[in-house]
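First up is the structure itself, then whatever we jot down about it.
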Amino acid sequence: MYETTYHRPSSVAEAASLFGKGKEAKYLAGGHTLIPVMKQRLASPSDVIDLGKLKELIGVEATGNGVEIKAATTHYDVSTSDAVKKAIPALAYLAAHIGDPHVRHRGTIGGSLANNDPAADYPAAVLALGATVKTNKRTISADEFFKGLFTTALQDGEIITAVSFPVAAKAGYGKFPHPASRFALTGVFVAKTAGGDVRVAATGASQNGVMRVPAIEAALKANWSAGAIDGVKVSADGLLNDIHGSSGYRANLIKVMAQRAVAAAG
């Protein structure tokens with residue numbers, strides 16, 4: 001390894017201050033991304049600033065129209081939260097199927113969103129539910145947050161503090177997991193608002209990361225049923241084509257996972 005200075009700040013403000021003073025500082029949440037890339041010498045931060053123990057970043061709160069999840073809340077705590085189960089059961093289900101028990105007990109929702117892995121689960125829920133990402137500087141809508149592979153709207157040094165999810169009239173998640181990593185080979189989150197609007201987001205399929213699926217949204221808005229997706233054609237253009245599956249295979253998976261998500265939503 002190489003020399004790095006580890007910091008455990010007592011507040012978000014202190015963490016941001018430490019970041020500003022570091023030459024090549026990095027934030028640490030669950031560590032599932034930063035630690036491996038440091039071991040591979042793909043990153044060599046001068047300072048590692050641990051956000052995982054900050055009490056102001058941990059917890060779940062029911063709100064008037066949904067649920068707010070603090071950024072350092074683990075996947076396990078999201079999956080077992082009574083507030084999440086009551087407000088958005090599909091979100092609790094998604095969190096319960098991230099990785100393995102070790103990952104779920106260490107990984108955090110904020111770390112997952114900040115990293116924006118193209119096969120991560122949370123981005124699909126955030127985009128489909130139209131959630132709001134809160135930081136120490138501002139609030140960012142889901143439609144503005146995701147910018148591409150491993151890229152978000154976060155500015156240098158900006159810290160995600162919480163994610164606010166509105167309640168959906170219906171919501172479901174369908175995932176085809178990679179058998180080893182448990183990342184989504186393709187995962188689809190569907191959501192229908194009380195007003196009848198429909199949002200569908202797919203993860204693990206696109207070359208550009210999480211994506212909306214307008215064709216399925218239109219079909220479900222006209223008829224909320226798994227059968228309504230039968231006649232939808234999902235284009236393979238821009239989808240991943242690798243050793244795990246062709247772009248055509250992933251296009252079909254988007255349809256199949258969307259149908260499973262709708263069936264789960266009821």
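Structure summary
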{"read-out": "Restricting segment 167-179 to residues that are over 15 Å from V190 (Cβ atoms) and surrounded by fewer than 18 Cβ atoms within 10 Å (Cβ to Cβ), the residue that is modelled with the lowest pLDDT", "value": "P179"}
{"read-out": "Qualifying positions in segment 245-266 - without any contact (Cβ under 8 Å) to a residue 60 or more places away in the chain and either assigned to a helix (DSSP H, G or I) or crowded, with 20+ Cβ neighbours inside 10 Å (or both)", "value": "S247, G248, Y249, A251, N252, K255"}
{"read-out": "Some residue of segment 216-233 being at pLDDT 95 or above and within 25 Å of A114 (Cα to Cα)", "value": "no"}
{"read-out": "Residue count for segment 118-166, restricted to those that are of a type in the set (A, V, I, L, M, F, W, C), farther than 25 Å from D100 by Cα and surrounded by fewer than 18 Cβ atoms within 10 Å (Cβ to Cβ)", "value": "1"}
{"read-out": "Candidates T139, T186, T132, T161 - the one that is outside the structural domain of Q259 (by TED's automatic domain parsing), touching a Lys or Arg at 6+ places or on another chain (Cβ under 6 Å) and under 28 Å from K86 (Cα atoms)", "value": "T161"}
{"read-out": "Neighbours by Cβ (under 8 Å, 6+ apart or cross-chain): first from segment 131-146, part of a loop (DSSP other than H, G, I, E, B); second hydrophobic (A, V, I, L, M, F, W, C)", "value": "A131/A125; A131/A142; A131/V163; A131/F165; N136/V12; N136/A13; N136/A16; N136/I159"}
{"read-out": "Residues (charged (D, E, K, R), over 24 Å from A261 (Cβ atoms) and surrounded by fewer than 21 Cβ atoms within 10 Å (Cβ to Cβ)) located in segment 55-90", "value": "K55, E56, E61"}
{"read-out": "Options Y93, Y6, Y27: the member that is over 29 Å from F165 (Cα atoms), touching a residue at least 24 places away in the same chain (Cβ under 8 Å) and either touching a Phe, Trp or Tyr at 6+ places or on another chain (Cβ under 8 Å) or surrounded by fewer than 17 Cβ atoms within 10 Å (Cβ to Cβ) (or both)", "value": "Y6"}
{"read-out": "Every residue from segment 184-196 that is in contact with a strand residue (DSSP E or B) (Cβ under 9 Å, 6 or more places away or on another chain) and assigned to a loop (DSSP other than H, G, I, E, B)", "value": "T193"}
{"read-out": "Failed item, numbered, when M38 is tested on (1) closer than 30 Å to P166 by Cβ; (2) surrounded by 17 or more Cβ atoms within 10 Å (Cβ to Cβ); (3) out of contact with any helix residue (DSSP H, G or I) (no Cβ under 8 Å at 6 or more places or on another chain); (4) outside the structural domain of I98 (by TED's automatic domain parsing)", "value": "(1)"}
{"read-out": "L51 modelled with pLDDT of 95 or more, surrounded by 15 or more Cβ atoms within 10 Å (Cβ to Cβ) and not hydroxyl-bearing (S, T, Y)", "value": "yes"}
{"read-out": "Qualifying residue in segment 67-86 (condition: assigned to a strand (DSSP E or B) and closer than 16 Å to A171 by Cα)", "value": "yes"}
{"read-out": "Residue tally, condition more than 20 Å from K26 (Cα to Cα) and among the β-branched types (V, I, T), over segment 134-156", "value": "2"}
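The values are calculated or read from the model by the stated rules, or taken from the named source; none is laboratory data. This one's a predicted model, so the numbers in the text were calculated from it and none came from an experiment. Cβ sites come from the backbone with ideal geometry, for glycine too, and all protein chains shown count toward neighbours.
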